[in-house]
1. Within the group Gly61, Gly37, Gly19, which residue is of a type outside the set (A, V, I, L, M, F, W, C) and on the phi > 0 side of the Ramachandran plot?
2. Could you list, in sequence order, all residues of region 45-69 that are under 20 Å from Thr10 (Cβ atoms), at pLDDT below 95 and over 13 Å from the mean Cα position of the chain (by Cα)?
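The values are calculated or read from the model by the stated rules, or taken from the named source; none is laboratory data. Since we're looking at a predicted model, the values are computed, not measured. Glycine gets a Cβ as well: all are built from the backbone with ideal geometry, and neighbour counts include every protein chain shown.
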Amino acid sequence: WSDRNAPAPTLTITNPENGHAHLLYALETSIRTAPDGKMKPLRYAAAVENALRRKLGADTGYSGLICKNPNHSHWKIAADYGLGRN
């Protein structure tokens with residue numbers, strides 16, 4: 001992320017064997033995704049997600065429904081505690 005001038009993720013979960021990682025970004029304001037959620041915030045969040053995906057050169061086929069478990073000891077974890085870097 002840093003070499004692509006992208007924002008620091010809140011949590012980085014890396015596979016120590018191949019270096020592949022999931023980058024997780026926390027939101028300061030939640031976005032309701034239930035059927036009664038507002039479309040404008042959902043569209044904005046989708047646009048931000050797509051822009052980050054392009055900027056990072058991330059997997060365009062990733063659905064976002066699953067990720068590496070940060071509580072499992074196999075993965076290498078880096079957390080950003082509001083410092084803008086990890």
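1. Sole residue among the options that is of a type outside the set (A, V, I, L, M, F, W, C) and on the phi > 0 side of the Ramachandran plot: Gly19.
2. Correct list: Asn69 only.
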